[in-house]
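Here is the structure we will look at, set down as structure tokens.
The values are calculated or read from the model by the stated rules, or taken from the named source; none is laboratory data. Given the structure is predicted, the values throughout are model-derived calculations rather than measurements. Reconstructed Cβ throughout: ideal geometry from the backbone, glycine too, with neighbour counts over all protein chains shown.
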Amino acid sequence: MAEQSTAALVTFAIYTAVVMLLAVLSGRVSRGKEFVGEYFLGSRSLGVWAFALTFAATNASGGTFMGFPALIYTHGWSLAFWIAGFMTLPLLSMGLLGKRLNRVSRETGAVTIPEVFAAKMKSDAAGVVATCLLVFFMFFYLLAQFKAGGKILSTLLGGEPTFQAAALWVSERTSGLPWFGDASGEYLLCLAAFALAVVGYVVYGGFRAIVWTDVMQGVVMLVGVVIMLALALYQVGGIGNATRKMAAMTPPEHCDVRVVVSEPQEVDIVLPKGSWIKTSADTVRLAQSTRIVAGDTESAQVAGLRLTARSDIDAVSMSSFDAEVSVEVSVEVLEIREYAYGAGKAGVYLSNPGPSANSGLGFLAISSALSFFIFWPFGATGQPANMVRLMAFKDNRTLRVSIVTVTVYYNIIFFALLLIFCCGRVLMPGMEIDPDRTMPDLASHLTAAAGVPWLAGLVVAAPFAAVMSSVDSFLLMVSSSLVRDVYQRHFRPDAPERVLRRMSYAVTTIVGLLAVVMVVNPPMYLQDLIVFASGGLAACFLVPMLLLLYWPQFTSAGAIAGMLGGTAMHLVLTVAGYLTTQQFSPYELLGMNPFVWDLVMSAILAWSVSIMTQPTAQPKQGLRP
Amino acid sequence: MNDKEENAAKAPTASRLTRRGFRFEALVMVAFWLIMAVWVLGVCHQFGYASDPAESLVVLGMPAWVVLGVFAPWCFSTLFTIWFALFKMSDDEPDAEEPAAHLS
């Protein structure tokens with residue numbers, strides 16, 4: 001653990017240094033160019049590799065390398081069906097809007113999505129609505145990604161002695177402070193380091209720095225995944241072997257346990273989270289730390305995970321536990337909570353709907369699968385961060401070749417992740433206690449078993465590269481909307497370049513700092529907010545943008561109705577879901593993802609309002625580029 | 001307006017043709033997505049929800065439904081994307097375009 005964390009710390013230090021170097025270099029390239037177009041759109045000059053990799057990296061967030069592996073590990077081969085919509089994602093998300101949006105943005109001189117609406121529809125109102133909705137949803141997204149960055153880094157560096165000492169120092173200094181005092185020193189330190197790096201290079205280098213770092217991050221992700229794939233397949237004995245073993249597996253059981261010793265000890269016995277306890281009857285992993293106080297014979301009741309599959313039980317090594325505690329301990333299982341779907345059912349990891357701890361219908365009902373097949377490609381098409389990139393490629397040949405490049409890139413990444421974590425299911429039992437640790441722990445396990453523990457640093461760089469490449473794009477999108485669409489459009493259209501430059505630097509820094517301060521104590525349901533924000537953005541922008549580009553009779557009133565209609569439906573279903581389940585999860589009408597209904601509502605309103613209203617006649621004066 | 005001028009006004013301009021080209025390409029992409037949806041959802045629904053999953057057929061080291069319902073269509077989709085993007089999408093470059101109704 002400490003070895004892996006040291007490798008991760010060294011990797012992070014080198015990685016951050018390279019990112020900063022790229023930002024400095026990109027800043028030099030940007031000198032002497034027109035500021036707004038260069039800072040927010042890289043002067044629309046992206047070539048194939050830059051465009052393809054920035055597009056691919058922006059789409060791959062922390063969820064790709066932390067959440068998706070955790071889902072594969074927990075639910076098995078069902079995730080192949082769940083992710084299948086990605087097969088058409090590059091073609092649709094780049095091809096459907098790419099050429100036309102690039103052309104329209106060049107003709108109108110627009111550098112932001114709200115500006116495209118305002119300029120093309122000749123309507124300030126359309127631009128204002130787009131700006132408000134974009135900033136609203138995007139800020140939630142930004143919060144979630146900053147939190148993910150801090151969490152991933154603290155997960156990776158957790159066992160490193162230097163880091164622990166620094167975290168302790170931070171904890172001591174912040175313990176009495178309001179707001180900051182409630183957060184752990186580890187998380188605060190990682191959040192600060194992550195934010196400093198990202199805000200630093202975004203402020204300094206703007207869009208071009210983001211693109212250059214995205215290219216590096218895209219390469220890091222690919223290399224990390226390919227190394228892990230080779231190690232996983234070798235160590236498990238081929239994917240066929242892994243699948244055969246998964247066929248015999250049954251899901252584990254969540255339970256409450258008490259750790260006991262036969263005789264009182266003279267000192268406290270500390271059992272860290274993740275400790276294995278194996279008896280003749282049970283093999284249990286502790287999901288929480290616990291302690292047997294000196295003179296006592298049992299611990300307090302804690303959560304645990306009881307293995308049920310023979311192959312899992314055989315795979316558990318006692319060595320790590322014995323190293324920590326040198327006395328004979330046993331475990332008393334108090335209460336067992338079986339999986340709601342798949343308990344005791346061999347082969348459940350090979351078939352749909354896949355095992356589920358909470359849902360009696362399993363992980364992936366057919367209606368959910370249909371929803372995801374719609375959501376992945378069309379949801380990505382509707383993301384403003386992707387649309388902005390479509391405004392920045394230099395010519396149509398770049399777009400065409402980039403579609404192919406991203407397609408091949410995603411094929412490698414997603415198939416490799418599927419195979420790796422199906423192997424991980426076999427190699428490393430008991431990760432259900434903390435599924436988000438599956439990626440870093442499997443990287444550590446594979447590289448240690450191969451005798452190259454230092455390689456873990458490179459492999460685990462992939463998740464924070466993914467988060468960084470998303471958070472930088474969102475940060476610049478929020479600041480570009482505030483500077484370009486609010487300040488310049490509504491307060492000072494003739495603002496000189498020098499003022500716009502200072503405003504851009506200041507706004508990017510303030511937005512970044514504000515987001516960091518807010519996620520010091522992240523609001524509840526933050527993970528659900530990611531789903532809420534991404535679905536909301538696509539629901540808001542996809543249909544109006546498609547109609548703007550392809551339907552000459554589309555009106556500004558129709559655009560506003562489409563944006564508000566999709567957003568309203570999204571909010572209504574979210575509130576309905578909360579009222580029904582008392583959880584922050586949207587209501588799934590007819591079992592379908594709310595995104596589908598959002599799009600239907602947006603399309604109906606955009607179309608019907610457009611045919612009832614007249615196109616805007618008065619030309620709107622555009623902004624100075 | 002004489003016949004010659006009237007015919008010239010009715011004739012499709014280059015920009016109209018370009019917009020039609022954009023639309024045609026978009027329609028092809030959506031139609032392709034629809035075909036893939038039918039393939040993937042049809043096969044996975046038919047073969048992926050086994051009543052006795054322990055007896056699932058394994059092909060190429062993966063469950064058969066993954067090979068037929070995800071891996072094969074993903075490969076086909078990749079080949080189609082390469083063919084369509086490299087050989088069928090046009091390279092019409094930005095030029096002055098006739099304003100749409102909401103611009104006029």
> Counting just the residues of the range A:26-82 that are in a helix (DSSP H, G or I) and on the phi > 0 side of the Ramachandran plot, which one comes out surrounded by the most Cβ atoms within 10 Å (Cβ to Cβ)?
Replying inline: A:Gly42
> If you take the residues of the range B:70-82 that are within 7 Å of chain A (Cβ to nearest Cβ) and buried (at least 18 other Cβ atoms within 10 Å of the Cβ), which of them is nearest to A:Gly95 (Cα to Cα)?
Replying inline: B:Thr81
>> Looking at the range A:125-168 only, could you name the residues that are farther than 12 Å from A:Leu189 by Cβ and β-branched (Val, Ile, Thr)?
In response: A:Val128, A:Val129, A:Thr131, A:Val135, A:Ile152, A:Thr155
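Rundown of residues vs (1) in contact with a Leu (Cβ under 9 Å, 6 or more places away or on another chain); (2) within 30 Å of B:Leu60 (Cα to Cα); (3) modelled with pLDDT under 90, yes/no style:
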residue	(1), (2), (3)
A:Ser317	no, no, yes
A:Ser320	no, no, yes
A:Ser330	no, no, yes
A:Phe363	yes, yes, no
A:Ile374	yes, yes, no
A:Gly379	yes, no, no
A:Asn386	yes, no, no
>> Please go through the range B:41-54 and give me each residue that is at the interface with another protein chain (Cβ under 7 Å from one of its Cβ atoms) and assigned to a helix (DSSP H, G or I), ordered by number.
In response: B:Leu41, B:Cys44, B:His45, B:Pro53, B:Ala54
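Going through A:Val111, A:Val135, A:Val116, A:Val104 one at a time, which residue ends up being at pLDDT 85 or above, surrounded by fewer than 24 Cβ atoms within 10 Å (Cβ to Cβ) and under 23 Å from A:Ala533 (Cβ atoms)? Let's see the steps before the verdict.
Numbers: A:Val111 fails: surrounded by fewer than 24 Cβ atoms within 10 Å (Cβ to Cβ); A:Val116 fails: surrounded by fewer than 24 Cβ atoms within 10 Å (Cβ to Cβ); A:Val104 fails: under 23 Å from A:Ala533 (Cβ atoms).
Exactly one residue qualifies, and that residue is A:Val135.
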> What residue, among those in the range A:396-424 that are within 14 Å of another protein chain (Cβ to nearest Cβ) and touching an Asp or Glu at 6+ places or on another chain (Cβ under 9 Å), is surrounded by the fewest Cβ atoms within 10 Å (Cβ to Cβ)?
Replying inline: A:Arg397
> Has the range A:223-237 got at least one residue that is crowded, with 20+ Cβ neighbours inside 10 Å, out of contact with any Leu (no Cβ under 9 Å at 6 or more places or on another chain) and not small (Gly, Ala, Ser)?
Replying inline: no
>> Can you find, within the range B:55-67, the residue that is nearest to the other protein chains (Cβ to nearest Cβ) among those that are hydrophobic (A, V, I, L, M, F, W, C) and surrounded by fewer than 20 Cβ atoms within 10 Å (Cβ to Cβ)?
In response: B:Val58
> Taking the range A:74-100 as the search range and keeping residues that are under 26 Å from A:Ile420 (Cα atoms) and of a type in the set (Ser, Thr, Tyr), which one is nearest to the other protein chains (Cβ to nearest Cβ)?
Replying inline: A:Thr88
> From the list A:Val483, A:Val459, which residue is surrounded by 21 or more Cβ atoms within 10 Å (Cβ to Cβ), part of a helix (DSSP H, G or I), within 23 Å of the chain's Cα centre (by Cα) and among the aliphatic types (A, V, I, L, M)?
Replying inline: A:Val459
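Could you check how many residues of the range A:251-272 are within 30 Å of A:Leu71 (Cα to Cα) and part of a strand (DSSP E or B)? Let's see the steps before the verdict.
So in the range A:251-272, the residues within 30 Å of A:Leu71 (Cα to Cα) come out as A:251-259, A:271-272.
Add one more test, that the residue is part of a strand (DSSP E or B), and what stays is A:253-259, A:271.
Residues flagged as within 30 Å of A:Leu71 (Cα to Cα) and part of a strand (DSSP E or B) within the range A:251-272 amount to 8.
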> Looking at the range A:428-441, is at least one residue basic (Lys, Arg) and either more than 17 Å from A:Ser61 (Cβ to Cβ) or surrounded by fewer than 20 Cβ atoms within 10 Å (Cβ to Cβ) (or both)?
Replying inline: yes
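Go through the residues of the range A:489-496 one by one and say whether even a single one is hydrophobic (A, V, I, L, M, F, W, C) and buried (at least 20 other Cβ atoms within 10 Å of the Cβ). Steps first, please.
We begin by selecting, within the range A:489-496, every residue hydrophobic (A, V, I, L, M, F, W, C); these are A:491, A:495.
After this cut, where a residue has to be buried (at least 20 other Cβ atoms within 10 Å of the Cβ) as well, the list is none.
No, the range A:489-496 contains no residue that is hydrophobic (A, V, I, L, M, F, W, C) and buried (at least 20 other Cβ atoms within 10 Å of the Cβ).
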> Regarding A:Ala230, is this residue away from every other protein chain (no Cβ under 14 Å) and either within 28 Å of A:Lys278 (Cβ to Cβ) or among the aliphatic types (A, V, I, L, M) (or both)?
Replying inline: yes
